[in-house]
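Please read the structure below before turning to the comments.
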Amino acid sequence: MSKPLLLVGESSSNQNLYYKTRFLTGDPFLYVESGTASTLLVPAMELGRAQKESIVQDVRSFNDLGYVELYHLFGDSRRALAQLSVRLLHEYGAESVRVEPGLPVQFADILRSESIELEIDPRLIVEERRCKSAEEIAAIGAAQGATERALGQAISLIEASEERAGYLHYNGIPLTSERIRAEIEVALLRENLVCEMESTVAGGRAAADPHARGHGPLRAHEAVVMDIFPRSRESRYFADITRTVVKGTPSPTLLAMYEAVMRAHEAALNLVRAGANGADIHREVLNEFRSSGFDGRPEQPGMPHGTGHGIGLDIHEAPRLGEIDVELLECDVITIEPGLYHPDVGGVRVEDAVVVTRDGYRNLNSLSKRFQLGS
């Protein structure tokens, strides 16, 4: 039998806590699991809501284990909470417990002072969270669909713009990264999604930095990379999609980059299936770029990032598709997002989210990957 599990923190920021309890709050609480038994210990004011909303059967208040007494004794809410964890672990007869690397030092010191051994596990719950249930896949799919609609509106806005003195204008007003980003984020809010970090809307040379947010007026004939990764307020699951477009006529180099990215994207998807090695998929992308003449030399566009990553309650989850070997599992949800970048040209990236199946994948995206929006 494995050692009991202890999780401590706020489920608004600790996704392991939310995954295990499905209870969302910005206040710290405790969760202990041992075998088939588990206990959720929450502040008294959250007890009723936790009993209704969480998936844990045994939900109790801090006061049930003497929190008020401990708080008066120590005058420190965090120390009192750490002592509550000791009392709860004693109920489970735990002499050793599995914890996250982020366990507060104060908690660790108090647990050890009470002769409770800590097994710090950097991969705690990682594998458990990887294989998504049908409900989780549906939640990610719904978030992807809403994000596609928002991104589609942004692309339509760029397509409807006109060139004036080399810059894009809409209704006579310069079209900026900020304007496009605002349109996207307002559309997402209407869909009950929120961007916890600003979306990427980077045009021209700014797009050479894969995570540049982008700012200022957008130019005609230059690539605009739009990477949108919001969280659903309802399900808490993320979406992640990237499209690159040009309003006008792309340069031969930009067009060659786009065509290479699309070939690499297709080559990567063709390798996705349960049992595949994520590193092999990444190497195939790099091979495709090399065969297109983009071999990573300083004077050539290259890809300074991995080919993809898992998504779920965190925007970046296991598995990572990069240089490290990792076996894909059935029901992993991953991104495939090859890209090429050069400081003198800009960047091109295309990203879909897919569900890994036994024999291949199911794409959660249907938004067009059209590059050129017209002259």
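Some observations on this one:
- Some residue of the range 138-149 being touching a Pro at 6+ places or on another chain (Cβ under 9 Å) and small (Gly, Ala, Ser): yes
- Residues in the range 162-179 that are farther than 15 Å from residue 221 by Cα and among the aliphatic types (A, V, I, L, M): 173 only.
- Residue in the range 310-340 that is farthest from residue 19 (Cα to Cα), counting only those that are touching a Ser or Thr at 6+ places or on another chain (Cβ under 8 Å) and in a loop (DSSP other than H, G, I, E, B): 338
- Test: residue in the range 337-360 that is more than 17 Å from the chain's Cα centre (by Cα) and free of Cβ contacts under 8 Å to residues at least 12 places away in the same chain: no
- Residue among 201, 224 that is closer than 19 Å to residue 347 by Cα, β-branched (Val, Ile, Thr) and in contact (Cβ under 8 Å) with a residue 60 or more places away in the chain: 224
- For the range 24-45, the set of residues classified as crowded, with 18+ Cβ neighbours inside 10 Å, in contact (Cβ under 8 Å) with a residue 40 or more places away in the chain and touching a Ser or Thr at 6+ places or on another chain (Cβ under 7 Å) consists of 30, 32, listed by residue number.
- Qualifying position, being in contact with a Cys (Cβ under 7 Å, 6 or more places away or on another chain) and in contact (Cβ under 8 Å) with a residue 24 or more places away in the chain, among 175, 168, 188, 193: 188
So that you can scan it fast, the table gives a plain yes or no per residue for (1) at pLDDT below 95; (2) under 18 Å from residue 248 (Cβ atoms):
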{"residue": "164", "(1), (2)": "no, yes"}
{"residue": "169", "(1), (2)": "no, yes"}
{"residue": "174", "(1), (2)": "no, yes"}
{"residue": "183", "(1), (2)": "no, no"}
{"residue": "186", "(1), (2)": "no, no"}
{"residue": "190", "(1), (2)": "no, no"}
{"residue": "194", "(1), (2)": "no, no"}
{"residue": "198", "(1), (2)": "yes, no"}
{"residue": "203", "(1), (2)": "no, yes"}
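- Every residue from the range 359-371 that is assigned to a strand (DSSP E or B) and buried (at least 16 other Cβ atoms within 10 Å of the Cβ): 361
- Filter result for the condition that a residue is in a loop (DSSP other than H, G, I, E, B) and over 30 Å from residue 14 (Cα atoms), over 250, 304: 250
- Hey, residue 169 assigned by TED's automatic domain parsing to the domain that holds residue 254 and over 17 Å from the mean Cα position of the chain (by Cα) or not: yes
- All positions within the range 113-164 that are out of contact with any strand residue (DSSP E or B) (no Cβ under 7 Å at 6 or more places or on another chain) and of a type in the set (D, E, K, R): 114, 123, 127, 128, 135, 136, 149, 164
- Odd one out for residue 325 among (1) of a type outside the set (S, T, N, Q); (2) within 23 Å of residue 362 (Cβ to Cβ); (3) surrounded by fewer than 20 Cβ atoms within 10 Å (Cβ to Cβ); (4) out of contact with any Asp or Glu (no Cβ under 7 Å at 6 or more places or on another chain): (2)
Yes/no per residue for (1) buried (at least 22 other Cβ atoms within 10 Å of the Cβ); (2) of a type in the set (A, V, I, L, M, F, W, C); (3) assigned by TED's automatic domain parsing to the domain that holds residue 305; (4) farther than 20 Å from residue 335 by Cβ:
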| site | (1), (2), (3), (4) |
| --- | --- |
| 200 | yes, no, yes, no |
| 210 | no, no, yes, no |
| 227 | yes, no, yes, no |
| 231 | no, no, yes, no |
| 235 | no, no, yes, no |
| 239 | yes, yes, yes, no |
| 251 | no, no, yes, yes |
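- Which listed residue, of 320, 243, is within 26 Å of residue 146 (Cβ to Cβ) and either hydrophobic (A, V, I, L, M, F, W, C) or crowded, with 19+ Cβ neighbours inside 10 Å (or both): 243
The values are calculated or read from the model by the stated rules, or taken from the named source; none is laboratory data. Source: prediction; values computed, not measured. Note that each Cβ is placed from the backbone with ideal geometry, even for glycine, and that neighbours are counted across all protein chains shown.
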